[in-house]
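Remarks on the structure that follows.
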Amino acid sequence: MIRDQMTRRTFLKTGGAVIVGLRLGPMGSRQVSAQPTLSAESFLGKTVAPDAVDGFLAIHADGTVTLFSGKVDLGTGARAALRQMAAEELDVPLERVSMIEGDTALTPDQGATAGSAGVSRGGMQIRRAAATLRQTLLERAAQRLGRPVGELEVADGVIQPKGGGTGVSYADLVGGQRLSLTVDQKAPLKDPARFRVIGRPSRRPDVPGKVTGGHRFVHDFSLPGMLHARVIRPPAVGATLLAVDESSIASIPGARVVRINSFLGVCAEREWDAVRAAGQLKASWSPGTGLPDQTRLFANIRATPVVRDETLAARGDITAAFAAAQRSLSATYQWPIQSHGSMGPSCAVADIRPDRATIWTGSQATHRFRFTSARILGLPPDKVRVIYLDGSGCYGMNGHDDVAADAALLSRAVGRPVRVQWSREDEHGWDPKGPPHLLELRAAVNDRGEVVAWNSEAWLPAPTPDLPSIPLLAPEAAGIAQPMGRSTGLIHQNVDPPYQFPNMRAVIHWIRDTPLRTSNLRAPGKVANCFAVESFTDEVATLAGADPVEFRLRYLADPRGIEVIRRAAARMGWRVRPRPQTIDPRAPVLVGRGFAYVHYKHSENYVAIGMEVEVERQSGRIRVTRLVCAHDCGLMVNPDCVRSQVEGCILQGLSRTMFEEVTFDRSRVTSVNWTDYPVITFADVPLLEIELIDRPQEPPVGVGEAAATPVPAALGNAVFDATGIRLRTAPLRPDRVAAALKG
Amino acid sequence: MLRVIVNGQPRDVAAEPDTPLLYVLRNDLGLTGTKFGCGLGQCGSCTVLVGGQAVRSCLMPLQAVAGQEVTTIEGLGSPERPHPLQAAFIEEQAVQCGYCTPGIVMAAKAILDRTPHPTDAELKQALTGLLCRCGTHDRVIRAVMRAAATMGGR
């Protein structure tokens, strides 16, 4: 059943105008909820133009506001923060603003919800639209009230003369009129000093539903007549389907096979029957195209042809500086292939008709997927509607677009709505991966202990220019043409250190290939790059005979960077140690502290992290006992959501550093469950101390990525402090640590 | 037809006896708060209470719970009348994507029933079989400790 069925259309469709209408929900008044009580269907026909105010906003006759956001809430709290931004600029109470997200028929294309840009870019677009609307309504009120705009003020959606007198509400002004408004990029934004909604830790509207079970995820969505389906992936990467024995599932009531070339699925009325059929179906496959030997992963990277070199940074003359230097150091750092590892395997529902299609998905980019799915289905894009429903946290492009393509092909084949739920093995085995990173770093210091040269080189898989979206599994298996290539997110950033060394160079060697399909994985590349750069910074500090914190401060000029480092060090009670501590060779547990810093992308957040660890000599097990973080993201729209994201970045960052590595044999991924791909558990969680620095006059930057990036090096540096051993390959698994400790 | 008492209501279910309880709850009874996470009993997203014990519903055949009392996240409380645990999760905003949340709340219910005032370390240990990918752990601990305090050992 579609739960959001609307009984009565009470809106006015006004073409390119602000949409107005009395919109009473079933309860009589609009509840603030993540999922509107009124059907989104009531808005069909509105503009979704991103340069139109009514692309983003509708003011209703009862004074409530609907925000149409192309950016979606992936579990980050954007649903709270984006509403706050709209309410602030409009001067309406937050409770009156509801939000519709990621529906290609209703919301503007604001690009993918990725790159931690939901608030920093998407939210700023919304603020501009709201500011334009507010300004226009002020001008209209001035006419209506016979007063100049300068004598008017807005409070709770009512415009009135300053100092009192008869006012007029937004709803009264907009009601019955057509307003065709283009977003004015110069519309004045509110002075942060006057913020009343932004900067408050407003609660996320979806939390009550999520803790009581009523919140509807895409996994929970169903349609009348819907079939449950599973897709059977090949036993080896690149294998093609030779034969299917449909009689092998004859005993399962209603189960049917769908085969399109090598795309193989089973559908059934009941979900358990689909699960059983998928397990029971006999199919034979060709050998796969093969995967390289994982034990030679990093050797192979060095042997892979370089497509082109890209110089990220060049300052001074490193050749001369290295030649003249007294002491130099070089090291190689390796970061493994990692998975998004979503808790809920990807799921989607598709209802494909001969002439149109509707797809419900947890996609980060419904507009982009509309074009992708239209191409797969051979439908004009305007006949395809893609609707976002919460997925399980994805942290980049997991299997969400793959599973939606699966559902689309199956629904078209069977002529009924189809829900596809991936298995755990599907998700871990087939989600696009974060690629491996190989970095070689070299630095030199003079006899005064000053760094005179730094060289970073990274070998990374080359992205395909202008690739509209990554190749999906279903069309590939079904033999449907699609643009081929690789997408990774911006994995090259922060290969160059943030420090002011006199001679410096950073080069990316873009290599031709990498073993598994890739996509953006949270803080793409920066987690790996900062592991190398900030670990090596500690190595150079040791060479220079400098304390790691003091060393960093010595080469920084940016006051915001300096402040996070000072704050984290102070909070931690950092004790200056210009040289490594003496390690007691008999101590069963070794204790150490480490520090790391990032200026994210050299343009966004400033984050410093300090860590205290214990290392068990025998087992190699690392226990992080305390973690301190100082974080500056400019303006904080919702400080509690910021804190929550920083916590999540840190704990997921710890998980990736300590445990996570995708494994594969010569034919397929073998880390396909939580035993083979372990992640952080409750018992691993350290004492967290987070200091958030609020800078209301600075623009907000994203908070979903940056704090993850100093985590690996802070850990590696702490392990070095504790043990005297430098670990340059992640994850820092106990067996690796124990082996290193045994020498 | 097998009978199960779900959230206090007797429910007759026409599903194959080997159907995992998870699918019965979600598809036959419309209780979609309980989530599919792995189907392997590794993550705990599908945790419900059977006779007061936390069980992984993805591995529990329907016939094994016939006649027994099953409590799901929906049976614990509602947005209007949340259980103290749910109220504490809201108070602490101990949710990111929220997919693992129902399973963790149900496991925490069983933990507090057994150990009304756990220490931090006991609680972390007891929750260790429950996975969260977003990194909400710290808030979850705070929420469960808050609930333990409000429930006063009840």
Rank these for me by crowding, B:Lys109, B:Lys35, A:Lys190, going from fewest to most other beta carbons within 10 Å. A:Lys190, B:Lys109, B:Lys35
Report the relative contact order of the stretch A:40-212, percent, no decimals, based on alpha-carbon pairs under 8 angstrom and at least 6 residues apart. 28
Between A:Arg196 and A:Arg560, how high is the FRET efficiency from 1/(1 + (r/R0)^6) when r is the Cβ-Cβ distance and R₀ = 22 Å? Nearest 0.05. 0.25
Rounded to one decimal in nm, the spacing of the 7 Å Cα→Cβ label points at B:Leu59 and A:Ser619 is 2.2
To the nearest 10 degrees, how steeply does helix B:137-151 sit against the main Cα axis of chain B, on a 0 to 90 scale? 90
Compute the distance in nm between two label points, each set 7 Å from the Cα along the Cα-to-Cβ direction, one at A:Thr311 and one at A:Lys162. 5.6
Sum of -39500 (n - 2.57) over DSSP H runs of 4+, divided by residues of the protein assembly as shown (222 nm, nearest 500): -8000 deg cm²/dmol
Shielding by partners - mean other protein chain Cβ count within 10 Å, residues of A:679-692: 5
Contact order normalised by length for chain A, with contacts defined as Cα pairs under 8 Å and 6 or more residues apart; what percent is it? 13
Would you mind telling me which residue in B:Thr34, B:Thr47, B:Thr136 has the biggest mean-square fluctuation in a Gaussian network model of chain B, where springs connect alpha carbons within a distance under 10 angstrom? B:Thr136
How about A:Lys282: which aspartates and glutamates have a C-alpha closer than 12 Å to its C-alpha, ignoring those fewer than 8 places off in the same chain? A:Asp245, A:Glu246
Give the relative contact order (percent, whole number) for the stretch B:84-151; include only Cα pairs under 8 Å separated by 6+ residues. 56
Compute the acute angle (0 to 90°) between the alpha-carbon long axis of helix B:101-114 and the principal axis of greatest extent of the alpha-carbon atoms of chain B; round to the nearest 10°. 80
With a 10 Å Cβ neighbour count serving as the proxy for reagent exposure, in which order, fewest first, do A:Phe298, A:Phe536 appear? A:Phe298, A:Phe536
Percentage of interatomic Cα-Cα distances in the protein assembly as shown larger than 39 Å: 43
Note to self: C-alpha centroids of the stretch A:240-277 and the stretch A:503-562 sit apart, in Å, by 49
Please give every one of the lysines within straight-line cross-link reach of A:Lys190, meaning a C-alpha to C-alpha distance under 24 Å, and leave out same-chain neighbours fewer than 8 residues apart. A:Lys71, A:Lys162
Where both partners of a DSSP beta bridge lie in the protein assembly as shown, what percent of those bridges are antiparallel, to the nearest 5? 75
The lysines whose Cα lies under 30 Å from the Cα of B:Lys109, excluding any fewer than 8 residues away in the same chain, are A:Lys210, B:Lys35, B:Lys124
What is the order of A:Ser69, A:Ser262, fewest Cβ neighbours within 10 Å to most? A:Ser262, A:Ser69
For labels at A:Gln326 and A:Ala49 in the simple 7 Å Cα→Cβ model, what's the distance in nm? 6.9
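FYI, it's all coordinate maths here, none of it is from the lab. Please read these numbers as outputs of a predicted model, since none were measured by experiment. For neighbour counting, all protein chains shown are included, and Cβ atoms are generated from backbone atoms with ideal geometry for every residue, glycine included.
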